[in-house]
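S.K.: One structure is given below, represented as C-alpha cells, and several questions about it will come after.
Nothing in this text is a laboratory measurement; each read-out follows from the coordinates by a stated rule. Given the structure is predicted, the values throughout are model-derived calculations rather than measurements. Glycine gets a Cβ as well: all are built from the backbone with ideal geometry, and neighbour counts include every protein chain shown.
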Amino acid sequence: MNMVNITHSKMNRFNYKAWKKYFIANDRKRLQIDFSREKDLTEVEKKLIFPSIQAFQKGEASNGNFLMRVVEDFAYKNHEEDYIEAMRQFVKEENWHSAYLKKYMDYHDVQSKDSTFLDRCFRRLRQLGGIKCEITVLVTAEIIALTYYDALSRCTASPALKEICAQMLNDELPHIMFQSYTLSHIENGWFDQALRVFL
Ligand SMILES: [Fe+2]
Ligand SMILES: [Fe+2]
C-alpha cells in the first residue's frame, strides 16, 4: 500500500486534519426536524416511500467497528492519526442520518426493519479486503445515497421529509469527497478495479 506525501501541492487543503475539523464543525449544525406543517400520509404514499426509507435507515446505522479497525491500521501505518477521528466523526454523522429517518418513521408510526438483503451484501463486500475494499464500497453507497435522497426529495410533498433530504444532500456530497480523498492515495490493483466495475 503506497501513500504519497499529501502535505504538498494542491491536496494540502484536503488533509485529514481539515476533514476532522469539517466533521466536528458540521456536528454542531444538526437538524431539528420541524413537524409543525407535516400532514398525515395516504396509504399509497406510505407504500411508495417507506420500504426504501426503512432500508436506508438501517444502512446508515452501522456502528463502524470493522471500519474503524482497518482505518486505525491504515492511519498508524501512514502516520495519519487525524484520519481516525475524522472517520469517527463520519460514522457519527451517518448515525445521525439514521436517527433523522427513524424520527420520521416514528412520526408516521412506521416500524424499523431488520437489515435488508442489499444492506447485508454491502456489509459483506466491505469486509472482503482491507481499507481499499471498505472505502470503495462505502463511496459507492454514498453515491447511491446522494441520488436516492435527491429523488426522494423531488417525489414527496412532505415538508419534514424534504427537510431531511436537504440535510442528507448537504452531508453526503462531502462524504463522497472524503472517501475519494482516501482512495486517491491508495494504489489500485486488479481486484480494486474489478470491484469498482462490479459495483
Ligand atoms: Fe448518510
Ligand atoms: Fe454518507
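S.K.: Pairing the Cα long axis of helix 65-77 with the longest principal axis of the chain, what angle in degrees results, from 0 to 90 and rounded to the nearest 10?
M.R.: With rounding to tens, the tilt is 30 degrees.
S.K.: Can you list the equivalent-ellipsoid semi-axes of the chain, largest first and in whole Å, using the square root of 5 times each Cα gyration tensor eigenvalue?
M.R.: Equivalent-ellipsoid dimensions as semi-axes: 32, 19, 14 Å.
S.K.: Next up: Of the residues Glu80, Glu45, Glu172, which exhibits the maximal mean-square fluctuation in a Gaussian network model of the chain defined by a 10 Å Cα contact cut-off?
M.R.: Greatest mean-square fluctuation among the candidates belongs to Glu45.
S.K.: Stretch Glu38-Ala25 to full length: gain in nm at 0.36 nm per residue minus the Cα-Cα span?
M.R.: Result: 1.8 nm gained on full extension.
S.K.: Relative contact order, percent, of the chain when contacts are C-alpha pairs under 8 Å separated by at least 6 residues?
M.R.: 28 percent
S.K.: If we count other beta carbons within 10 Å of each Cβ, what is the order of Met87, Met68, fewest first?
M.R.: By the 10 Å Cβ count, ascending: Met68, Met87.
S.K.: Could you work out the Rg to Rh ratio of segment 87-199, with Rh taken as the Kirkwood radius (inverse of the mean 1/r over all Cα pairs)?
M.R.: Here the Rg-to-Rh quotient is 1.00.
S.K.: May I ask for the net charge around Phe178, where only other residues with Cβ less than 11 Å from the Cβ of Phe178 are counted and Lys, Arg are +1 while Asp, Glu are -1?
M.R.: So the surrounding residues net to -3.
S.K.: Give the longest segment of the chain that steers clear of trypsin sites (Lys or Arg not before Pro) in DSSP loops with at most 13 neighbouring Cβ atoms within 10 Å, not counting the sites themselves.
M.R.: 40-199
S.K.: Tell me which lysines have Cα within less than 29 Å of Lys132's Cα, excluding those fewer than 8 residues away on the same chain?
M.R.: Counting by Cα, and skipping residues close in sequence, Lys132 has these lysines nearby: Lys10, Lys17, Lys20, Lys21, Lys58, Lys77, Lys92.
S.K.: Mind sorting Ile164, Ile49, Ile24 by how few other Cβ atoms lie within 10 Å of their own Cβ, fewest first?
M.R.: Ile24, Ile49, Ile164
S.K.: Follow-up. May I ask you to sort Trp96, Trp19 by Cβ crowding, counting other Cβ atoms within 10 Å and putting the fewest first?
M.R.: Trp96, Trp19
S.K.: Okay, next question. Give me the dipole magnitude in Debye, nearest 20, for segment 1-159 about the Cα centre, with unit charges on the beta carbon: positive for Lys and Arg, negative for Asp and Glu.
M.R.: That gives a dipole near 300 debye.
S.K.: Suppose only helical runs count, i.e. DSSP H with n ≥ 4. What mean residue ellipticity at 222 nm does that imply for the chain under -39500 (n - 2.57) per run, divided by all residues and rounded to the nearest 500 deg cm²/dmol?
M.R.: Computed mean residue ellipticity for the chain: -23000 deg cm²/dmol.
S.K.: If you don't mind, another one. Which one, Val91, His185, Ala141, projects farthest toward the positive side of the charge dipole computed for the chain from Cβ point charges (K/R +1, D/E -1)?
M.R.: Toward the positive end, the furthest listed residue is His185.
S.K.: Run the numbers for Leu169 and Gln127: contour at 0.36 nm per residue of separation, minus the present Cα-Cα distance, in nm.
M.R.: Length gained, Leu169 through Gln127: 12.5 nm.
S.K.: Using a Gaussian network model on the chain with a 10 Å cutoff between Cα atoms, which of His79, His175, His97 fluctuates the most?
M.R.: Most flexible of the set in this elastic network: His79.
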